[in-house]
Amino acid sequence: MSVAIIIILFIVALFVAICLHELGHFIAAKRVGVKVEEFGLGIPPRLFGIKRGETIYSLNAIPIGAFVKAAGENDPTVPRSLAGKGPWTRLGIYAAGPLVNIFLAFVLLSAFFALPYSVIASNGLMVRAVVANSPAEESGIEPEDIILEVAGQPVHRQGDIQDIVNSGEEGAEITLLLLRNGQEEEITLKPELDLESQLLKIGVWLWLDMVSQVEEDSPAYEAGLRPGDAIHSINGQLIYDEESMSSALHSVEEGKEIKLVLLREGEMVSIALNNDGYETLPGVEMQWVEGVHFEQERLPVWRAVYLGARDIIYMPVLIIEAIPQIIESPDMALVGPIGAGQLTVEIVRS
């Protein structure tokens, strides 16, 4: 999608948001008996208008926003004026616009969360690191083990293990079925309660691949790749098997940088090395989980609505939390519509 189309869509979305905002004021004013002289789309000069009852509905030349013209906005002596209403009534009219925008955001967020999405699934999950002094370490789980089942239930996705573990009771033992060196093996452990997250955990870092060996004189080693790392993405492309890695490397022009995002002990680490026409990462041996594929999932409607409401409620919290950072770093300041448009273009270009 071109930058021009993105800009046009942004302007249309902004126009719709402002129109709905003003529509909120308009409906609220009408409901409490305030005389509305004009409801206009766009900014004057007027192109044409139609009078229905006491209100002119107009279309104006400058397609930016909308407006509501109420009788006696600053003169309480005008019959059925806005200024002649009580403070709480005026407050309700003023608040109606933002409330419509909040409701619109809630509807759009809920619809977004209700859309189908793809998740990576596989025949088990690889252990790429074991947390020290954790139940996993005490039970003998090792890096490169592949967890096939937890408590008798197959695991295919990142969240499966956490979901199954937390469905049990604190202090209860669970059995894990591992694939180790081509052989299946069962172990038993007791998950521990993590005080920070209040979740039961077994103490492993998981992914679909793991770097098992890196030659010390290789470009990858010099760039910072180490055994035990998991390669999350290459130049923005998700890595989940040999084919996806090869495709990502082929997409990088020779002489350009190969940018890797790694998973290392719970942290995201970025490294880069120059592409000398690599089809694989030289000097690097990988371990992969078999049967990796994508599955379509969709949240239940109630869950999508809940997440939409949660994000709307949490938004003011994020703004408040951002204020100290804005004061400390002025370049992080909040932006208005123009700034939002500039950010949209920058994101598209990147």
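The values are calculated or read from the model by the stated rules, or taken from the named source; none is laboratory data. This one's a predicted model, so the numbers in the text were calculated from it and none came from an experiment. As a convention, Cβ positions derive from the backbone with ideal geometry for all residues, glycine included, and neighbour counts pool all protein chains shown.
If you go through region 27-53 and pick out every residue that is within 25 Å of Gly86 (Cα to Cα), surrounded by 14 or more Cβ atoms within 10 Å (Cβ to Cβ) and without any contact (Cβ under 8 Å) to a residue 24 or more places away in the chain, you end up with 1.
Take Val130 and tell me if it is among the hydrophobic types (A, V, I, L, M, F, W, C), surrounded by 15 or more Cβ atoms within 10 Å (Cβ to Cβ) and not assigned by TED's automatic domain parsing to the domain that holds Ala304. Spelling it out, Val130 is indeed among the hydrophobic types (A, V, I, L, M, F, W, C), surrounded by 15 or more Cβ atoms within 10 Å (Cβ to Cβ) and not assigned by TED's automatic domain parsing to the domain that holds Ala304. In region 46-82, which residue that is among the small types (Gly, Ala, Ser) and either in contact with a His (Cβ under 6 Å, 6 or more places away or on another chain) or at pLDDT 90 or above (or both) is nearest to Glu22 (Cα to Cα)? Of everything passing the filter in region 46-82, Ala66 is nearest to Glu22 (Cα to Cα).
Hey, any hits in region 131-146 for a residue that's in a strand (DSSP E or B) and under 27 Å from Glu285 (Cα atoms)? Yes: region 131-146 contains one or more residues that are in a strand (DSSP E or B) and under 27 Å from Glu285 (Cα atoms). Note on region 218-242: among residues that are closer than 19 Å to Trp207 by Cβ and among the acidic types (Asp, Glu), the one that is surrounded by the fewest Cβ atoms within 10 Å (Cβ to Cβ) is Glu242. Are any of the residues in region 152-167 out of contact with any helix residue (DSSP H, G or I) (no Cβ under 8 Å at 6 or more places or on another chain), over 28 Å from Tyr240 (Cα atoms) and surrounded by 18 or more Cβ atoms within 10 Å (Cβ to Cβ)? Checked against the condition, which is being out of contact with any helix residue (DSSP H, G or I) (no Cβ under 8 Å at 6 or more places or on another chain), over 28 Å from Tyr240 (Cα atoms) and surrounded by 18 or more Cβ atoms within 10 Å (Cβ to Cβ), region 152-167 yields no hits at all. Would you confirm, using the coordinates I've provided, whether Val165 is of a type outside the set (Phe, Trp, Tyr), in a helix (DSSP H, G or I) and modelled with pLDDT of 85 or more? For Val165, the condition - of a type outside the set (Phe, Trp, Tyr), in a helix (DSSP H, G or I) and modelled with pLDDT of 85 or more - is met.
If the condition is being surrounded by fewer than 13 Cβ atoms within 10 Å (Cβ to Cβ) and of a type in the set (D, E, K, R), then region 243-269 contributes Glu243, Glu253, Glu254, Lys256, Glu265, Glu267.
Go through region 182-198 and report how many residues are outside any loop (DSSP other than H, G, I, E, B), without any contact (Cβ under 8 Å) to a residue 24 or more places away in the chain and more than 19 Å from Asp163 (Cβ to Cβ). Don't jump to the end; show me each part of the working.
Step one: of region 182-198, the residues outside any loop (DSSP other than H, G, I, E, B) are 183-189, 192-194.
Filter once more, keeping what is without any contact (Cβ under 8 Å) to a residue 24 or more places away in the chain: 183, 185-186, 193-194.
Filter again for more than 19 Å from Asp163 (Cβ to Cβ), leaving 183, 185-186.
Residues that pass the stated criteria total 3.
Residues that are under 20 Å from Gly97 (Cβ atoms) and not in a strand (DSSP E or B) were ranked within region 60-79; the one that is nearest to the chain's Cα centre (by Cα) is Glu73. Checking each residue in region 31-59 for being more than 39 Å from the chain's Cα centre (by Cα) and charged (D, E, K, R) picks out Lys35, Glu37, Glu38, Arg46, Lys51, Arg52, Glu54. Can we say Ile7 is within 30 Å of Leu108 (Cα to Cα), assigned by TED's automatic domain parsing to the domain that holds Leu108 and not in a strand (DSSP E or B)? In short, yes. Considering region 133-167, the residues that are touching a residue at least 60 places away in the same chain (Cβ under 8 Å) and among the aliphatic types (A, V, I, L, M) include one that is farthest from Leu179 (Cα to Cα), namely Ala136. One residue alone among Leu225, Leu195, Leu206 is at pLDDT below 85, within 28 Å of the chain's Cα centre (by Cα), farther than 18 Å from Val127 by Cβ and not polar (S, T, N, Q), and that residue is Leu195.
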